[in-house]
Amino acid sequence: MTSRRSLLLTPAPAPVPEVGVLLAALHEARRRTLNWASKISDLDAVSVGQHSAATLLYHVAAIELDWLYAEVRQEHFPAEASEWFPLDVRDSEGRLSVVTGETAERHLARLSWVRGLLDDTYSRMTLEEFRRIRVLEAYDVTPEWVLMHLSLHEAHHEGQLAALDASD
């Protein structure tokens, strides 16, 4: 007999319920990412036609930072970003840059650092700011849409990590 699970969404702490709900979805995606990553013995290993777990974890963190600063905050990256992201997220041909030689702890710390910045930004947002349209050159976007997008983005890469675990 299998144990009974509770599939409940508890909004993350935020002054605005709508923010807390989408943050909770993003946190659930991260929980699943970390779960699969913890099962992979060699984060640098690459299966045929796939990226390594290290490359995927770096990419997830870099994209989260980019959306947070370029679209939501509309600011330059913080000075510490170059320490956490010494490589561009993509190579000269547009493929994900290959990341190797970092410890699992370093990958987890990078993900945690970026998520701390995101949580801090969103936890202080009013509903008006959450839904305020940012007008950029190529598109318009709201912080609300960014959270939804980051949840889907991370879920996509979580599936790739799951596939790597299956081949480990």
For the range 122-137, state whether one or more residues are farther than 27 Å from Ala79 by Cβ and assigned to a loop (DSSP other than H, G, I, E, B). yes
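Counting just the residues of the range 82-106 that are small (Gly, Ala, Ser) and in a loop (DSSP other than H, G, I, E, B), which one comes out nearest to Ser41 (Cα to Cα)? Reasoning before the result, please.
Here is the first cut: in the range 82-106, the residues small (Gly, Ala, Ser) are 82, 92, 94, 97, 101, 104.
Remaining after also requiring in a loop (DSSP other than H, G, I, E, B): 92, 94, 97, 101.
Values: Ser92: 29, Gly94: 28, Ser97: 21, Gly101: 14 Å.
Residue satisfying both the conditions and the ranking: Gly101.
Look at Val60 and say whether it is under 15 Å from Gly159 (Cα atoms), of a type outside the set (Phe, Trp, Tyr) and at pLDDT 95 or above. Working first, answer last.
Numbers: under 15 Å from Gly159 (Cα atoms): yes; of a type outside the set (Phe, Trp, Tyr): yes; at pLDDT 95 or above: yes.
Yes: the conditions hold for Val60.
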The one condition in (1) modelled with pLDDT under 95; (2) surrounded by fewer than 15 Cβ atoms within 10 Å (Cβ to Cβ) that His76 fails to fulfil: (1)
Members of the range 61-81 that are part of a helix (DSSP H, G or I), more than 11 Å from Pro143 (Cα to Cα) and among the charged types (D, E, K, R): Glu64, Asp66
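Please tell me if Ser3 is polar (S, T, N, Q), touching a residue at least 24 places away in the same chain (Cβ under 8 Å), out of contact with any strand residue (DSSP E or B) (no Cβ under 8 Å at 6 or more places or on another chain) and in a loop (DSSP other than H, G, I, E, B).
On the way: polar (S, T, N, Q): yes; touching a residue at least 24 places away in the same chain (Cβ under 8 Å): no; out of contact with any strand residue (DSSP E or B) (no Cβ under 8 Å at 6 or more places or on another chain): yes; in a loop (DSSP other than H, G, I, E, B): yes.
No, not satisfied.
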Leading residue by the ranking (surrounded by the fewest Cβ atoms within 10 Å (Cβ to Cβ)) among those in the range 13-38 that are at pLDDT 90 or above and over 25 Å from Phe85 (Cβ atoms): Pro17
Specify the residue that is nearest to the chain's Cα centre (by Cα); the eligible residues are those in the range 90-126 that are open to solvent by less than 40 Å² (accessible area, probe 1.4 Å) and of a type in the set (Val, Ile, Thr). Val114
From the list Ala109, Ala79, which one is of a type in the set (A, V, I, L, M) and over 29 Å from Ser41 (Cβ atoms)? Ala79
Considering the range 47-60, residues that are outside any helix (DSSP H, G or I) and in contact (Cβ under 8 Å) with a residue 12 or more places away in the chain, and then whichever is least open to solvent (accessible area, probe 1.4 Å), we arrive at Ser52
Filter result for Gly159 (surrounded by fewer than 16 Cβ atoms within 10 Å (Cβ to Cβ) and at pLDDT below 95): yes
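The values are calculated or read from the model by the stated rules, or taken from the named source; none is laboratory data. These numbers were taken from a predicted model, which means no experiment stands behind them. Because the Cβ atoms are built from the backbone with ideal geometry, glycine has one as well, and the counts that use them run over all protein chains shown. Remember, those area values only see protein heavy atoms, side chains included, never the ligands or the DNA or RNA. Shrake-Rupley method; radii C 1.70, N 1.55, O 1.52, S 1.80 Å.
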